[in-house]
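Undergrad: The structure follows.
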Number of protein chains: 2
Amino acid sequence: MRVDVVFSPAALAPGALAGRTALVVDVIRASTTIATALAGGARAIVPCLTPEEARARVPEFPPGEVLLGGERRAVKVPGFSLGNSPREYMGERIREKTILLTTSNGTRAVLAAREAVALGVVGFVNLSAASRWALDAGRDVTIVCAGELGGFSLEDAVCGGMVVERLQRSGAGLVLGDGAKAVGLLFRHYDGRVSEVLADCEWGRELARVGFGADLDLCGRVDCLSVVPVLSGGRLVPAPP
Amino acid sequence: MRVDVVFSPAALAPGALAGRTALVVDVIRASTTIATALAGGARAIVPCLTPEEARARVPEFPPGEVLLGGERRAVKVPGFSLGNSPREYMGERIREKTILLTTSNGTRAVLAAREAVALGVVGFVNLSAASRWALDAGRDVTIVCAGELGGFSLEDAVCGGMVVERLQRSGAGLVLGDGAKAVGLLFRHYDGRVSEVLADCEWGRELARVGFGADLDLCGRVDCLSVVPVLSGGRLVPAPP
């Protein structure tokens, strides 16, 4: 099994995901939010590129079943029911709902990677479950870091490194591309200190500055969830057990 | 002084280099080849996007002064005088010559980064000189890794990490972006073991496989040159002392 990592969807060459499993990482916050929603009983998350697309697709769903969610510059899109805080994606509010979600980086990365044979979403919260899912699929894996507006995000890279470590720990013979080697080394530096990554990284600091510091705690809870959001017919739904 | 790193030119957002110094890294081999040529007395290197562009521009230069150089898939472009091996860019052959150079990643990265206020080329061979040049310029720095066909290259990232370390060692107060933090951590792993990076990385292994292993030795000679190739009027020339 070969494992590669790209640090932003912009680095995905055409055809790069052919025959592969993609694991999309946007630790702060889309991966965490999506996994939290599906673990809490949301029916599906539909990734949308823009707020306009999300609004336009509402009529596709039964009235009362659908919610609009998402952010730009960390703040809830005006008129939407939900922002991009995992705290909003819990409880009765989201149960049995389909959520049309548009975020600056995470949902964009999912859409950029949809050519993969199978696509799962991973964050610290569902690290082991998602790694196991990718391993069981038996295909080569590309870890697609959402990054930040086309650039590199430390927290996504470290989470990618933890996936590499989980895959290696399984005893599968892995061939690591340069990116996978690099994130493995980054993981070793932050091993056991996930909260430090979230405090060190630029996006974590910015999010804390604008009042979403409590979200960082949720994003850093390693393996608190066992759900793996997988793409099926354009919707993210829980992988079958 | 702020330091950022992008892992491929594809990750350069429009305007990202405004007001900044760019340091372009393509350790294997364009950075090494360009620095070797200018250290050996070549007049200038003119980065060209394609072999066609290089051929078309020959008439711009006095007859006898110009040479065509470059590679695709590591191999010399058919009909060109020179490939992309630093060993070819030494001695009488290149002295006082202007070389129209086109490579798969390095010259492409130079062209992608030309909006920077100042652009220098760095490899292991001129690490300290190029770091000092960027430091003396006093502007924020973006290290632009050439990468491999839009993707991540370990050797360029580690070289970028050595630049970060050189800048930090100078005592300048640096603000590190996520990418700069990451390459700093990668550098620490490979500190003092440059030849190991070149043996570990995918492109180094491929180059050795196709018969260019001797080039890797040249690419790994830390600080053997004091020249800094800088872009001036579309040509790379030695920075003034």
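Readers should treat all values here as calculations from the given coordinates under stated rules, not as data from a laboratory. Keep in mind that what you see is a predicted model, and the values were worked out from it rather than measured. Heads up, the Cβs are rebuilt from the backbone with ideal geometry, glycines too, and the neighbour counts pull from every protein chain shown.
Undergrad: Calculate how many DSSP beta bridges within the protein assembly as shown are antiparallel, expressed in % of all such bridges and rounded to the nearest 5.
TA: 25 percent
Undergrad: Just the Cα atoms of the protein assembly as shown: what Rg and Dmax do they give in Å?
TA: Gyration radius and largest Cα-Cα distance of the protein assembly as shown: 23.6, 78 Å.
Undergrad: What's the angle, to the nearest 10 degrees (0 to 90), between helix B:127-137's Cα axis and the longest principal axis of chain B?
TA: Helix B:127-137 and the main axis of chain B meet at about 70 degrees.
Undergrad: Distances from A:Ser226 to the same residue in each other copy, label points 7 Å out along Cα→Cβ, in nm, shortest first?
TA: 6.6
Undergrad: Let me ask something else. With +1 on each Lys and Arg Cβ and -1 on each Asp and Glu Cβ, and nothing else charged, work out how big the dipole of the protein assembly as shown is about its Cα centre, in Debye to the nearest 20.
TA: 220 debye
Undergrad: Right, next: Before anything else, pin down the relative contact order of segment A:41-127: Cα pairs under 8 Å, at least 6 apart, normalised by residue count, whole percent.
TA: Relative contact order, segment A:41-127: 39 percent.
Undergrad: Work out the mean other chain Cβ neighbour count within 10 Å for the residues of A:175-184 and drop it here as an integer.
TA: Going residue by residue through A:175-184 and averaging, the value is 6.
Undergrad: Turning to a different aspect of this structure: Along Cα-to-Cβ, 7 Å out, sits the label point; list in nm, shortest first, how far the one on B:Gly19 is from those in the other copies.
TA: Label point to label point, same position, other copies: 4.8 nm.
Undergrad: Go through segment A:152-161 residue by residue and turn each phi into a ³J(HN,Hα) via Karplus (6.51, -1.76, 1.60, θ = phi - 60°); whole Hz please, and just put x for glycine and proline.
TA: 8, 10, 4, 5, 5, 5, 5, 4, x, x
Undergrad: Consider all pairwise Cα distances in segment A:2-233 and report the whole-number % of them above 25 Å.
TA: 34 percent
Undergrad: Right, something else. Output the antiparallel fraction of DSSP beta bridges having both residues in segment A:62-159, as a percent to the nearest 5.
TA: Of all bridge pairs located within segment A:62-159, approximately 35 percent are antiparallel.
Undergrad: Taking the Kirkwood radius as the inverse of the mean 1/r across Cα pairs, report the Rg/Rh of segment B:37-135.
TA: 0.96
Undergrad: Turning to a different aspect of this structure: Can you compute the helix-only [θ] at 222 nm over chain A? Use -39500 (n - 2.57) per DSSP H run of at least 4 residues, normalise by all residues, nearest 500 deg cm²/dmol.
TA: My calculation for chain A gives -10000 deg cm²/dmol from helical runs alone.
Undergrad: Would you kindly derive the ³J(HN,Hα) couplings of segment A:86-101 from the backbone phi angles with the Karplus curve 6.51 cos²θ - 1.76 cosθ + 1.60 (θ = phi - 60°), listing them in order in whole Hz, with x for Gly and Pro?
TA: x, 4, 7, 9, 10, x, 4, 3, 10, 4, 6, 8, 9, 10, 7, 10
Undergrad: Give me, ordered by chain and number, the residues 5 or more places off B:Arg72 or on other chains with an amide H under 5 Å from its own placed amide H.
TA: Correct list: B:Val77.
Undergrad: Here is a further query. What's the exposure ranking of B:Met1, A:Met162, going from fewest to most Cβ atoms within 10 Å?
TA: B:Met1, A:Met162
Undergrad: Further question on the same structure: Counting only other chains, what is the mean number of Cβ atoms within 10 angstrom of the Cβ of each residue in peptide B:39-47?
TA: 0
Undergrad: Restricting to Cα pairs below 8 Å that are 6+ residues apart, what does the relative contact order work out to for chain A? Please round to a whole percent.
TA: It comes to 33 percent, rounded to a whole number.
Undergrad: Using a 7 Å offset from Cα along the direction of the beta-carbon, what are the separations from A:Arg2 to the same position in each other copy, nm, ascending?
TA: 3.7
Undergrad: Still on this model: Taking the number of other C-beta atoms within 10 Å as the exposure measure, put A:Leu127, A:Leu49 in order starting with the fewest.
TA: So the ranking, lowest neighbour count to highest, is A:Leu49, A:Leu127.
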